[in-house]
Amino acid sequence: MSDVLSFRQTVENFISTRGWTPTRFGRTIAGDPLFVFDLREGREPRSETRARIVKAMQDYQERDTPPPLRIGVAGLGNVGATLVGIIQKDGVDLTKKLGRKIEVVAVCARSRSRDRGIDISGLDWFDDPVALAKSPNIDLFVELIGGEDGPAFAAVKAALEIGRPVVTANKALLAKHGVALARLAEDNGAQLGFEAAVAGGIPVIKTLREGLGSARIHRVYGIMNGTCNYILTRMGNEGITFAECLKDAQALGYAEADPAFDVEGYDTAHKLAILASLCFGCEIAPDKIHVEGITRISQADIKVAADLGYKIKLLGMAQRSPEGIEQGVYPTLVPRHSAIAGVDGVLNAVALHTDHVSELMLAGPGAGGPPTASSVLSDILDIARGTRVPPLGVPSAELTPYVQAPMRIHEGGFYIRLNAKDVPGALAAIATRMGSAGISLESVIQRPDLRVIDPAADGQGTRTVVLLTHATMEANVRDALAQIAGDGFIVGEPQLMRIETL
Ligand SMILES: NC(=O)c1ccc[n+]([C@@H]2O[C@H](COP(=O)([O-])OP(=O)(O)OC[C@H]3O[C@@H](n4cnc5c(N)ncnc54)[C@H](OP(=O)(O)O)[C@@H]3O)[C@@H](O)[C@H]2O)c1
């Protein structure tokens, strides 16, 4: 290519990458508004003119290119090491997308010598996450340690106090301190990103903060714990017990050695509390959630649900009502052909009911190194671009206090499994109590294959009975069950689940 042709190409590239007009180039760079028009018509500038303009383009570019965004990452476990690896591998592409280089310059973990499959030799090492968060050599602090207090909280707070942007994947931290941290971020002009804290790789926070920023949301529900969904899916597909599935989930790394936090529903509750705040503009209230886990789900429950056309899923659900906000985490019967029922295995999904968009469902991988790191990176890119959104969607001063609604009139019915004593009149007494509480029974199922041995039976003869109710208030069902237990006709605690029509 001749020098003139190559010069023309350079000028055209400069114009198109910036979206400039030829006149703007002429005025800003060449000193002649018609320069580009003349060039396109075949004028060949002299070599001194070309050299002057090339130099002016270079000078402009240097002034125009923002400095690299220097990142410090605390926590190099599953998510942190994956994030560092992705930024190192995709750095060139990311720079092209952003028009700005992003680079990890410093890291922190407990063990400096552990092989994490990434090269940290050229990076500054910190033993103390707080010191990293405050280091003058970083522009953005990423917290991937975990835990609601301790070093994660101290480091995030330290960064925000000096106005440094923070990205975290830590739902426990956000559930407990989210409002205070959002306020701290706003007071100090810092951004706080936590896309990865809810539903891993699914961009639900950005959807709520930006995509649906103007929508009024009535209800949010979802499958937000991959461990529970994996266990329930395998129980349904393979007819094996909760304990067997949990053992496999642990062997495959889907469940922690201590799985209680996941299977008792608390992990889902943390994520739900964060979502509810973003959906309803209220303060985060993780302690005002009715939480039930999946440890008591038996094969009998799975079988009856399937026979009736349902699957059992652990749902987190929050909705607005005139009395306030109702939040709950509970195993739920959902219609087999509903969209949420199709979300199986370790996948997560979040469904949003809004005024104008009606129902929207986002589904995808809810955990794992690469999906979670992808969400962390999405927050980093937003910060690199200078996007500014209040952390909880509205300024923290505008968040309303959380008002807990009483248990609502349930749209669907309830599933109740209980072990009735094998004595005359037991079933009739149970039905009478239900009737007196205004609960109408849709069916009573008693089959030999549904027997659930209750350790509380202690040698007493019992029959496992499943009752399905018509739509009624949850409080009524719970009252009736308490009275039935008081009558002495049942053994052990009944299994109660909502049936959602969705
Ligand atoms: N894993 C997922 O799929 C997933 C999904 C969504 C959200 N998250 C969230 O992401 C965060 C990180 O999860 P993870 O699975 O990557 O955890 P992880 O594998 O346990 O890694 C934790 C990291 O933190 C480091 N660390 C712990 N205590 C420290 C301290 N006092 N000072 C400095 N470093 C410390 C550990 O250092 P050593 O390696 O030296 O021990 C480790 O590198 C958590 O908040 C989690 O809830 C994870």
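If you filter the range 89-111 down to residues that are assigned to a loop (DSSP other than H, G, I, E, B) and small (Gly, Ala, Ser), you find that the one that is farthest from the ligand (Cβ to nearest atom) is 99.
Here is the figure for the range 61-88: residues that are in a helix (DSSP H, G or I) and either touching a helix residue (DSSP H, G or I) at 6+ places or on another chain (Cβ under 6 Å) or at positive phi (or both) total 5.
Would you please name the residue that is farthest from the ligand (Cβ to nearest atom), looking only at residues in the range 64-87 that are surrounded by fewer than 19 Cβ atoms within 10 Å (Cβ to Cβ) and over 25 Å from the mean Cα position of the chain (by Cα)? The selected residue is 64. Among the residues of the range 362-385, write down those that are over 13 Å from residue 142 (Cβ atoms) and under 13 Å from the mean Cα position of the chain (by Cα). Across the range 362-385, the qualifying residues are 362, 363, 364, 365, 366, 367, 368, 371, 374. The helices (runs of 4 or more DSSP H) found entirely in the range 217-333 that carry 1 or more residues being on the phi < 0 side of the Ramachandran plot, free of Cβ contacts under 8 Å to residues at least 12 places away in the same chain and in contact with an Asp or Glu (Cβ under 6 Å, 6 or more places away or on another chain) are 260-263. Cβ-Cβ contacts under 7 Å between residues 6 or more apart (or on different chains), taken from a first residue in the range 126-139 that is touching a residue at least 12 places away in the same chain (Cβ under 8 Å) to a second residue that is assigned to a loop (DSSP other than H, G, I, E, B) and not charged (D, E, K, R), are listed as 129/145; 134/162. Taking the conditions (1) more than 30 Å from residue 80 (Cα to Cα); (2) at pLDDT below 95 in turn, residue 342 satisfies each one other than (2). The set of residues in the range 112-152 being assigned to a helix (DSSP H, G or I) and either within 11 Å of the ligand (Cβ to nearest atom) or of a type in the set (A, V, I, L, M) (or both) consists of 129, 130, 131, 132, 133, 150, 151, 152. Taking the numbered list (1) under 15 Å from residue 500 (Cβ atoms); (2) surrounded by fewer than 22 Cβ atoms within 10 Å (Cβ to Cβ); (3) in contact with a helix residue (DSSP H, G or I) (Cβ under 8 Å, 6 or more places away or on another chain) in turn, residue 340 passes all entries but (3).
Of all residues in the range 361-377, those that are more than 20 Å from residue 212 (Cβ to Cβ) have Cβ atoms under 6 Å from Cβ atoms of residues that are of a type in the set (Val, Ile, Thr) and more than 12 Å from the ligand (Cβ to nearest atom), 6 or more apart or on another chain, in 373/86. Taken together, the criteria exclude residue 356 from residues that are free of Cβ contacts under 8 Å to residues at least 40 places away in the same chain, on the phi < 0 side of the Ramachandran plot and out of contact with any strand residue (DSSP E or B) (no Cβ under 7 Å at 6 or more places or on another chain). The set of residues in the range 169-208 being more than 16 Å from the ligand (Cβ to nearest atom) and within 26 Å of residue 291 (Cα to Cα) consists of 179, 180, 182, 207, 208.
The values are calculated or read from the model by the stated rules, or taken from the named source; none is laboratory data. This one's a predicted model, so the numbers in the text were calculated from it and none came from an experiment. Neighbour counts run over all protein chains shown; Cβ positions are idealised from the backbone, glycine included.
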